[in-house]
């Protein structure tokens with residue numbers, strides 16, 4: 001990671017205005033968005049949008065031609081180009097020909113993408129952005145930090161300062177007055193402009209219509225007052241039918257700003273009259289700029305389902321800490337990372353793709369149903385192929401891929417950690433490793449790993465066997481979690497076997513883009529876990545469970561290793577997470593809880609993979625209730641804790657503040673106990689409380705259930 | 001129709017619109033006249049109100065000659081809407097005629113008249129009824145102009161009107177008869 005990039009992160013997370021504004025917004029957004037979608041079947045709605053947009057992406061060429069034909073039949077001029085430079089040249093030539101001196105613009109990300117303002121200004125044309133946020137950042141000589149709210153990173157004081165220095169002195173930091181000031185200053189610009197430039201939210205092929213969505217009313221003025229209207233439209237905005245706009249208009253305002261509909265929606269088809277009665281010149285530029293390349297890529301075609309609502313930014317635990325500018329100059333956040341890699345170039349996404357912690361929040365809310373985390377992993381994989389992995393990472397994975405060496409080294413580590421160990425924690429590490437223990441203690445490595453401990457547990461030798469896939473953390477740091485799991489299942493008469501040849505699940509390699517390493521891990525585990533005929537392969541780590549259930553298959557598919565899929569699917573069908581299996585056993589009355597006892601309050605932290613991939617959020621809560629605990633929900637219970645596997649080692653400056661927020665939310669419940677189903681989250685959250693000296697217990701669900709079952 | 005109206009009113013009010021309903025056109029126009037008087041549209045040297053479309057009302061300070069200068073100088077713009085969408089509190093209009101857009105965008109107050117019978121449940125119902133091949137500029141309006149671009153603080157009235165007054169008329173033609 002480049003130093004300048006690390007510095008931009010450091011500056012952003014230490015900018016209290018920025019993190020405060022974004023933090024408050026993201027908290028409110030979650031609630032307001034849910035309210036805006038009340039009574040709407042979001043899953044059905046986004047299936048419709050996906051269908052409409054994906055069908056359009058599959059027939060881009062035909063839709064472009066149909067749009068051109070139909071818009072031109074209504075008097076528009078349509079210019080198609082793949083090249084951003086040609087867009088600028090077209091507009092400059094038009095401006096010259098028509099004697100355009102002044103331009104007003106409504107918000108257009110496509111124009112940001114090609115840096116149009118700069119080109120116009122260099123040609124001596126006055127350009128005014130009219131969306132308030134865009135105008136502010138134009139005056140401040142900045143770029144938008146958010147696709148929907150370009151100036152969200154600024155305080156009213158900063159805005160006042162910009163108005164005072166760039167427009168007219170004497171303004172006070174009073175928001176309604178600042179807005180009034182903007183209205184008064186921009187009104188003459190609208191009335192005096194020769195050309196209006198807009199984007200479009202949707203373009204309809206069968207009618208040649210443009211759909212433009214705004215709240216301020218600026219787009220209505222931009223498209224009504226100047227005698228020439230130029231619309232710059234990325235070709236991913238095309239839909240086939242007029243009726244296709246309905247699901248998009250239903251979702252866009254709800255997802256973008258939690259509104260049922262924006263104040264204004266304008267549907268423009270062909271030439272309309274100017275205020276002097278003449279027909280308005282309408283020029284529509286259909287811009288490709290690698291969008292057709294994306295459509296041809298089987299993985300990335302789905303990114304064209306984006307409707308630019310920016311909800312992936314609004315729910316991202318990283319975005320709300322660092323804001324948009326860390327991501328780059330145009331498109332920001334999760335989808336922005338992907339668009340930057342395509343519209344700009346793959347290597348521009350090298351640093352920013354690493355910001356993704358893979359929590360999956362964005363995938364859940366995306367109205368285009370885009371698997372953003374998966375696409376970011378795919379970028380990571382392609383970057384690793386193109387540029388190679390960093391040396392240190394390479395060395396680590398060569399160890400991980402050698403099971404015997406890896407396990408041997410972990411045992412060795414138990415000896416070398418001794419100088420740093422205090423009880424069950426490592427609280428400080430020397431020199432360049434100190435970042436890792438700055439904000440949370442790390443767990444010490446266990447003297448006897450679980451793979452050896454399990455041999456000492458006397459188990460019922462029954463007919464029913466379940467294989468335990470422990471994952472590295474339980475095996476080497478938290479064997480007590482493994483022990484609890486075995487004892488719980490023993491109570492149902494199940495014998496737990498531990499296939500000795502199991503190794504790392506490959507998540508660290510996969511999430512670093514090293515798919516070949518992950519594939520080797522997958523194959524080793526598949527061989528080990530299918531060796532004995534068991535009913536289930538249970539794991540008490542959600543990330544491992546997801547690896548067994550989905551990622552092994554995904555990795556093989558990505559690498560074209562189709563011959564390995566059959567066995568991977570066989571394993572996937574057997575894989576199950578601890579709480580889901582136990583809940584099943586309780587429902588079948590194979591496990592019963594001891595007589596009622598009030599064990600006090602607990603709060604539950606939803607681990608990312610358990611909640612959003614495995615969809616198991618109720619089972620652990622219900623089991624804890626039946627065990628005798630009372631649930632007090634925390635705020636943002638399913639927000640990532642900042643662990644993200646190796647993420648917390650690569651980007652501790654982001655992991656730490658995410659954890660800090662989680663700890664605060666837990667403390668606010670006043671519950672003395674926090675329970676979760678992931679040893680990684682336990683490591684992060686328990687380590688955080690240890691560092692603070694807080695007396696809150698942090699445990700895996702298995703540890704709290706074991707003594708409460710008959 | 002009452003159910004649709006109630007839903008429209010609730011949703012439009014969430015979007016900061018003012019919603020009124022009258023049994024006939026006469027009463028509705030009385031209400032508009034009252035609003036025009038209150039705004040003092042007859043007091044300036046230029047007409048204080050611009051009205052696009054049918055001449056439903058002659059009153060001092062009201063001009064039916066809608067130019068950009070007249071609209072930019074007026075306090076109140078008045079127009080008639082084609083539909084009202086209940087579930088989002090949205091007004092819809094074929095605004096191909098530029099006068100329709102001027103009166104609903106430039107003055108600080110927009111008064112929108114619409115027949116109660118023009119209420120539709122939602123956007124889908126409207127899209128079935130309108131043809132973009134015939135209407136070059138379909139305008140949908142939900143509440144007044146708004147922004148939250150500074151510190152996410154909702155502020156009403158940026159480039160468009162800061163007040164949207166919706167006037168439903170149950171029997172629009174009786175006043176004319």
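Since every read-out is calculated from the coordinates, none of them should be taken as a lab result. Since we're looking at a predicted model, the values are computed, not measured. Using ideal geometry, Cβ is built from the backbone for each residue, glycine included, and neighbour counts are taken over all protein chains shown.
How much length is gained if the chain between residue A:495 and residue A:565 is pulled fully straight, taking 0.36 nm per residue apart and subtracting their Cα-Cα distance, in nm to one decimal? Spell out each step's value before the answer.
Details: separation 70, 0.36 × 70 = 25.20 nm, distance 2.83 nm.
Net length gain for the segment: 22.4 nm.
Rounded to a whole number, what is D in µm²/s for chain B from Stokes-Einstein with the Kirkwood radius over alpha-carbon pairs (37 °C, 0.692 mPa s)? Could the numbers behind the result be given before it?
Working: Rh = 16.4 Å.
Stokes-Einstein gives a translational diffusion coefficient of 200 µm²/s.
Can you give me the convex hull volume of the Cα atoms of region A:262-335, divided per residue and expressed in Å³?
173
May I ask you to order A:153-165, B:121-133 by the average number of other C-beta atoms within 10 Å around their residues, highest value first? Before the final figure, lay out the partial values.
On the way: A:153-165: 18.5, B:121-133: 16.3.
For the peptides A:153-165, B:121-133, the packing ranking is A:153-165, B:121-133.
Which value in nm describes the separation of the simple spin-label points at residue A:695 and residue A:96, placed 7 Å from the Cα toward the beta carbon?
7.9
Rounded, prolate or oblate: which fits region A:481-528, taking a ≥ b ≥ c as square roots of the Cα gyration tensor eigenvalues, rounded meaning a/c under 1.5, else prolate when a/b beats b/c?
Prolate is the answer for region A:481-528, as a/c is 1.5 or above and a/b outweighs b/c.
For the pair residue A:168/residue A:122, report the inter-label distance in nm, with labels modelled 7 Å from Cα in the Cβ direction.
3.3
Please figure out what share of the DSSP beta bridges in the protein assembly as shown is antiparallel and state it in percent, rounded to the nearest 5.
On the way: 29 of 97 bridges.
Percentage antiparallel, nearest 5: 30.
What ranking do A:647-656, B:46-55, A:687-696 get when scored by the average of other Cβ atoms within 10 Å per residue, highest first?
For the peptides A:647-656, B:46-55, A:687-696, the packing ranking is A:647-656, B:46-55, A:687-696.
Calculate, in whole percent, how much of the Cα-Cα pair population of region A:18-130 lies beyond 17 Å. Write down the numbers at each step before the final one.
Working: 4674 of 6328 pairs.
I get 74 percent for the Cα pairs in region A:18-130 exceeding 17 Å.
Evaluate E = 1/(1 + (r/R0)^6) for residue A:532 and residue A:597, where r is the Cβ-Cβ distance and R0 equals 35 Å; express this FRET efficiency to the nearest 0.05.
0.40
On C-alpha positions alone, give me the angle between the axis of helix A:403-416 and the longest principal axis of chain A, in degrees, nearest 10.
80
Give me the inter-chain shielding for B:94-100: mean count of other chain Cβ atoms within 10 Å, whole number please.
Neighbouring Cβ atoms belonging to other protein chains average 4 per residue here.
Could you tell me the largest-minus-smallest coordinate of the C-alpha atoms of region B:10-82 on each of the three principal axes, in descending order and whole angstroms?
Its Cα atoms span 38, 26, 25 Å along the three principal axes.
Please compute the average number of Cβ atoms from other chains found within 10 Å of each residue's Cβ in peptide B:156-168.
5
Treating the angle as unsigned and between 0 and 90°, give the value, to the nearest 10°, between the Cα long axis of helix A:175-192 and the longest Cα principal axis of chain A.
Between the helix axis and the principal axis of chain A, the angle is about 40 degrees.
Round to the nearest 0.05 the FRET efficiency obtained for residue A:65 and residue B:10 when R0 = 45 Å and r is the Cβ-Cβ distance.
After rounding to 0.05, the efficiency reads 0.50.
Test of understanding: what is the full-extension gain from residue A:402 to residue A:422, defined as 0.36 nm times their sequence separation minus their Cα-Cα distance? All intermediate terms of the calculation are to be shown ahead of the outcome.
Details: separation 20, 0.36 × 20 = 7.20 nm, distance 3.02 nm.
Here the segment from residue A:402 to residue A:422 would lengthen by 4.2 nm.
As an exercise, use a Förster radius of 45 Å and the Cβ-Cβ distance of residue A:14 and residue A:177 to find the FRET efficiency, rounded to the nearest 0.05.
That gives a FRET efficiency of 0.90.
Under a plain spin-label model, where a point goes 7 Å from the Cα along Cα-to-Cβ, how far apart in nm are residue A:345 and residue B:122?
4.7
Of all the Cα-Cα pairs you can form in the protein assembly as shown, what percent are over 57 Å apart?
19
Just from its helices, what would the mean residue ellipticity at 222 nm be for chain A, if runs of 4 or more DSSP H residues each count -39500 (n - 2.57) and the sum is divided by every residue, rounded to the nearest 500 deg cm²/dmol?
Here the helix-only value at 222 nm equals -14000 deg cm²/dmol.
Once you have the Cα-Cα distance between residue A:80 and residue A:463, take 0.36 nm times their residue separation minus that, and quote the gain in nm to one decimal.
My answer for the length gained is 131.0 nm.
How many Cβ atoms of partner chains, on average, are near each residue of B:124-133 if near means within 10 Å of its Cβ?
5
Packing-wise, with mean Cβ within 10 Å as the measure, how do B:101-109, A:275-283 rank, highest first?
Highest-to-lowest ranking by the protection proxy: B:101-109, A:275-283.
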